[in-house]
Amino acid sequence: MGQSPSVVWFRSDLRVADNPALSAAVQWGGPIIPLFIWAPDEEGDWAPGAASRWWLHQSLARLSDSLKSLGAPLIIRHGGRSSEILEDVVRKSQAVAVFWNRRCEPAVFERDRQVEQRLRKSGCHVEVFPANLLTNPWAVRNKSGKPFQVFTAFWNSCLGSIEPASPLPPPKRLMRVSKLLESASLKALELEPRINWASGLAAAWQPGEAGAKKALRKFCSVNLTEYRAQRDFPANDGTSRFSPHLHFGEISCREVWHMLGSAAQGSGRKAPVWKHNKYVSELGWREFAHYLLCHFPDTTDKPLRSEFEHFPWRKNERLLEAWQRGRTGYPLVDAGMRELWATGWMHNRVRMIAASFLVKELLIPWQTGARWFWDTLVDADLANNTLGWQWTAGCGADAAPFFRIFNPVSHGEKFDPKGEYVRRWVPEVARLPEQWIHKPWQAPVAVLRGAGIDLGRSYPFPIVDHSEARTKAMAAFDRLKMRRLKKNLR
């Protein structure tokens with residue numbers, strides 16, 4: 001420790017409050033070099049998608065402003081390997097320590113391990129912190145010493161030991177290095193689209209640490225008490241909407257945890273926060289997703305249940321494009337896919353319905369859906385995306401049984417009973433009465449005419465019949481079960 005510089009390598013922790021790596025560098029003493037390296041090729045097959053890159057640009061701009069106000073500007077580098085860039089910055093600044101917060105994505109985790117080894121070998125002090133989860137994924141095991149594959153058992157095991165420390169305050173001031181270090185401009189990273197398709201994203205979101213805190217305060221003061229009752233209805237503003245803030249580390253999980261606890265105390269409840277707060281279980285699912293990715297890194301592309309590698313999926317570009325564009329003829333599915341395209345986000349209940357439609361009614365591989373979500377979601381998170389799609393396809397941990405096939409009509413009538421969500425995103429059918437809003441193809445001709453709908457032209461007929469599609473899906477599943485049975489009899 002002393003007055004020698006140290007480097008803080010920012011990644012998915014784009015905040016100054018409750019940032020263990022940044023706080024450790026402050027305690028180390030001396031000038032601090034905040035560094036961001038854009039090296040998407042090092043993330044394997046899962047480099048950030050288009051919507052994620054847009055968000056990253058905005059978040060980095062906000063982080064840069066915060067660090068500049070604290071006295072140490074953000075250094076941006078790109079165009080080389082992270083290890084080489086770090087070594088170059090360390091050498092030119094004469095830094096003696098490097099701090100960063102851990103990431104769990106398989107390719108990044110391995111990259112970080114190699115970077116750490118190289119830096120230590122060169123004599124550099126390195127510290128890595130678990131900053132973006134409540135639990136240590138490698139410390140939680142079942143009674144047999146193996147990783148959990150059932151959420152309830154995993155989360156119950158975690159809840160007995162979770163005691164998140166109080167969030168660390170942001171530094172009051174950072175000492176900057178005296179030597180001028182080369183930095184690229186944020187614009188040079190070319191994260192924003194050349195053709196401006198992101199205006200809807202900009203209108204819907206406030207990326208950055210301030211936006212994250214604003215979203216959390218709003219949720220705790222307005223939505224939290226009604227979360228359990230309202231969270232499944234996409235027309236309502238009943239969810240937290242800070243999943244992208246968590247993914248980019250603009251706010252920490254433990255800050256969310258403690259804010260939820262404070263909100264509970266304010267309501268007069270004295271039990272532990274997880275005893276009465278439904279949202280805590282959603283944090284638990286996030287923990288479970290990252291836990292599974294750490295223990296089963298191949299599941300980004302391969303089913304956890306290996307027998308599903310032989311599922312008779314089919315390839316149909318016409319049906320896939322109809323799903324992607326929100327032109328399936330099922331208004332609830334189409335509303336979700338259009339919300340996704342316009343805002344980079346989709347309500348979780350509708351995500352499940354849209355995903356089920358692709359996988360079980362169109363029989364298109366879950367990996368194809370995962371890739372589309374990866375490119376279009378602002379909260380695209382490799383762990384959450386993988387868990388969600390494998391859950392839907394029935395091939396992952398604690399997954400929904402394959403025979404659980406969501407009916408987009410009945411689910412629309414249950415979760416969007418007045419059709420408010422559909423009317424918002426599918427204006428072609430907005431004038432239909434509630435009775436027909438989720439099944440326009442069944443509406444009388446006079447009703448369709450009165451609503452200005454010409455089925456097959458202004459709005460498509462369903463691209464598949466739900467009952468027939470369900471029959472085909474179950475037949476495909478039966479073939480898979482028969483194949484497994486024959487294999488076991490050998």
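The values are calculated or read from the model by the stated rules, or taken from the named source; none is laboratory data. Predicted, not measured: the structure shown is a model, and the values here were computed from it. Cβ atoms come from the backbone with ideal geometry, glycine included; neighbour counts cover every protein chain shown.
Find all pairs meeting these conditions: Cβ atoms under 6 angstrom apart; at least six residues apart or on different chains; first residue within region 305-332 and in contact (Cβ under 8 Å) with a residue 24 or more places away in the chain and outside the structural domain of residue 462 (by TED's automatic domain parsing); second residue surrounded by fewer than 17 Cβ atoms within 10 Å (Cβ to Cβ) and among the small types (Gly, Ala, Ser).
Matching pairs, first to second residue: none at all.
Please name all residue pairs, on different chains or six or more residues apart, with Cβ atoms under 8 Å, provided the first residue is in region 460-486 and is touching a residue at least 60 places away in the same chain (Cβ under 8 Å) and the second residue is surrounded by 11 or more Cβ atoms within 10 Å (Cβ to Cβ) and among the basic types (Lys, Arg).
Partner pairs satisfying both residue conditions: 460/327; 463/327; 469/360; 470/360; 473/360.
Of everything in region 185-199 that's surrounded by fewer than 15 Cβ atoms within 10 Å (Cβ to Cβ), touching a residue at least 24 places away in the same chain (Cβ under 8 Å) and small (Gly, Ala, Ser), which residue is farthest from residue 251 (Cα to Cα)?
Taking region 185-199 as the starting set, the residues that turn out to be surrounded by fewer than 15 Cβ atoms within 10 Å (Cβ to Cβ) are 185, 187-188, 190, 193-197, 199.
Still in the running and touching a residue at least 24 places away in the same chain (Cβ under 8 Å): 185, 188, 193.
From the residues that got through so far, the ones that are small (Gly, Ala, Ser) too are 185, 188.
Working: 185: 24, 188: 26 Å.
Per the criteria, the residue is 188.
Does region 146-171 hold any residues that are touching a residue at least 12 places away in the same chain (Cβ under 8 Å) and hydrophobic (A, V, I, L, M, F, W, C), and which are they?
Listed by number, the residues that qualify are 148, 150, 151, 154, 155, 158, 159, 162, 165, 168.
Determine whether region 155-174 contains at least one residue that is outside the structural domain of residue 394 (by TED's automatic domain parsing), touching a Gly at 6+ places or on another chain (Cβ under 7 Å) and surrounded by fewer than 13 Cβ atoms within 10 Å (Cβ to Cβ).
Within region 155-174 (the criterion being outside the structural domain of residue 394 (by TED's automatic domain parsing), touching a Gly at 6+ places or on another chain (Cβ under 7 Å) and surrounded by fewer than 13 Cβ atoms within 10 Å (Cβ to Cβ)), the answer is yes, since at least one residue qualifies.
Taking the conditions exactly as written (of a type in the set (Ser, Thr, Tyr), buried (at least 21 other Cβ atoms within 10 Å of the Cβ) and touching a residue at least 12 places away in the same chain (Cβ under 8 Å)), does residue 23 satisfy them or not? I'd like the intermediate steps shown before the answer.
Working: of a type in the set (Ser, Thr, Tyr): yes; buried (at least 21 other Cβ atoms within 10 Å of the Cβ): no; touching a residue at least 12 places away in the same chain (Cβ under 8 Å): yes.
So residue 23 does not fit the description; no.
Tell me which residues, restricted to region 371-400, are hydrophobic (A, V, I, L, M, F, W, C) and free of Cβ contacts under 8 Å to residues at least 60 places away in the same chain.
Here is the first cut: in region 371-400, the residues hydrophobic (A, V, I, L, M, F, W, C) are 372-374, 377-378, 380, 382-383, 387, 389, 391, 393, 395, 397, 399-400.
Scanning region 371-400 gives 372, 373, 389, 391, 400.
Restricting attention to region 42-100, which residues are basic (Lys, Arg) and more than 17 Å from residue 378 (Cα to Cα)?
In the first step, residues of region 42-100 are kept if they are basic (Lys, Arg); the result is 53, 62, 68, 77, 81, 91-92.
Selection gives 68, 77, 81, 91, 92.
Residue by residue, here is whether (1) modelled with pLDDT under 95; (2) surrounded by fewer than 23 Cβ atoms within 10 Å (Cβ to Cβ); (3) polar (S, T, N, Q); (4) within 21 Å of residue 466 (Cβ to Cβ) holds:
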| residue | (1), (2), (3), (4) |
| --- | --- |
| 366 | no, no, no, yes |
| 379 | no, yes, no, no |
| 390 | no, no, yes, no |
| 398 | yes, yes, no, no |
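If a residue must be free of Cβ contacts under 8 Å to residues at least 60 places away in the same chain, hydrophobic (A, V, I, L, M, F, W, C) and crowded, with 18+ Cβ neighbours inside 10 Å, how many such residues does region 220-245 contain? Break it down stepwise before answering.
Looking only at region 220-245, we keep the residues that are free of Cβ contacts under 8 Å to residues at least 60 places away in the same chain, and these are 220-230, 236-238, 240, 242, 245.
Retained after the next criterion (residues that are hydrophobic (A, V, I, L, M, F, W, C)): 220, 222, 224, 229, 242.
Filter again for crowded, with 18+ Cβ neighbours inside 10 Å, leaving 220, 224, 242.
Total satisfying the criteria: 3.
Kindly establish whether residue 172 is of a type in the set (Lys, Arg) and within 29 Å of residue 69 (Cα to Cα).
Spelling it out, residue 172 is indeed of a type in the set (Lys, Arg) and within 29 Å of residue 69 (Cα to Cα).
Quick test of your reading of the structure: residue 148 fulfils all but one of (1) assigned by TED's automatic domain parsing to the domain that holds residue 252; (2) surrounded by 19 or more Cβ atoms within 10 Å (Cβ to Cβ); (3) not in a loop (DSSP other than H, G, I, E, B). Name the failing condition by number.
All conditions pass for residue 148, except number (3).
For residue 206, which of the numbered conditions (1) closer than 16 Å to residue 377 by Cβ; (2) surrounded by fewer than 17 Cβ atoms within 10 Å (Cβ to Cβ) fails to hold?
For residue 206, the failing item is (1).
When you check residue 335 against the structure, is it over 16 Å from the mean Cα position of the chain (by Cα) and surrounded by 23 or more Cβ atoms within 10 Å (Cβ to Cβ), yes or no?
yes
Of the residues that make up region 18-31, is at least one assigned to a strand (DSSP E or B) and farther than 26 Å from residue 293 by Cα? Walk me through how you get there before you give the answer.
Going residue by residue through region 18-31, those that are assigned to a strand (DSSP E or B) are none.
No, region 18-31 contains no residue that is assigned to a strand (DSSP E or B) and farther than 26 Å from residue 293 by Cα.
Need at least 3 residues that are closer than 28 Å to residue 108 by Cα and in contact with a Phe, Trp or Tyr (Cβ under 8 Å, 6 or more places away or on another chain) per element, so show me which helices (runs of 4 or more DSSP H) inside region 277-353 make the cut, counting only ones lying wholly within it.
278-295
Which residues, counting only those in region 420-433, are surrounded by 22 or more Cβ atoms within 10 Å (Cβ to Cβ) and in contact (Cβ under 8 Å) with a residue 24 or more places away in the chain? Walk me through how you get there before you give the answer.
Filtering region 420-433 for residues surrounded by 22 or more Cβ atoms within 10 Å (Cβ to Cβ) gives 421-422, 425-426, 429, 432.
Of everything in region 420-433, those that are surrounded by 22 or more Cβ atoms within 10 Å (Cβ to Cβ) and in contact (Cβ under 8 Å) with a residue 24 or more places away in the chain turn out to be 421, 422, 425, 426, 429.
Applying the selection to region 36-84, what residues are touching a helix residue (DSSP H, G or I) at 6+ places or on another chain (Cβ under 9 Å) and of a type in the set (Lys, Arg)?
53, 62, 77, 81
Filter region 131-145 down to residues that are in contact with a helix residue (DSSP H, G or I) (Cβ under 9 Å, 6 or more places away or on another chain) and free of Cβ contacts under 8 Å to residues at least 60 places away in the same chain and give me whichever is nearest to residue 251 (Cα to Cα). Don't jump to the end; show me each part of the working.
The initial filter retains those residues of region 131-145 that are in contact with a helix residue (DSSP H, G or I) (Cβ under 9 Å, 6 or more places away or on another chain), namely 131-135, 137-138, 140-142.
Those still in the list that are free of Cβ contacts under 8 Å to residues at least 60 places away in the same chain too: 141-142.
Details: 141: 27, 142: 30 Å.
Checked region 131-145; the qualifying residue nearest to residue 251 (Cα to Cα) is 141.
Counting residues that are modelled with pLDDT under 95 and hydrophobic (A, V, I, L, M, F, W, C), which helices (runs of 4 or more DSSP H) fully inside region 155-266 reach at least 3?
Numbers: elements: 199-204, 209-218, 227-230, 243-247, 253-266.
Of the helices (runs of 4 or more DSSP H) lying wholly inside region 155-266, those with at least 3 residues that are modelled with pLDDT under 95 and hydrophobic (A, V, I, L, M, F, W, C) span 253-266.
Restricting attention to strands (runs of 3 or more DSSP E) lying wholly within region 37-143, give those where 1 or more residues are among the charged types (D, E, K, R) and either surrounded by fewer than 17 Cβ atoms within 10 Å (Cβ to Cβ) or at pLDDT 95 or above (or both). Steps first, please.
Numbers: elements: 75-78, 97-101, 125-129.
Answer list for region 37-143: 75-78, 125-129.
Where in region 362-449 are there helices (runs of 4 or more DSSP H), lying wholly inside it, with at least 2 residues that are hydrophobic (A, V, I, L, M, F, W, C), under 28 Å from the mean Cα position of the chain (by Cα) and within 24 Å of residue 316 (Cα to Cα)? Walk me through how you get there before you give the answer.
Numbers: elements: 366-376, 382-393, 408-415, 420-425.
Hits in region 362-449: 366-376, 382-393.
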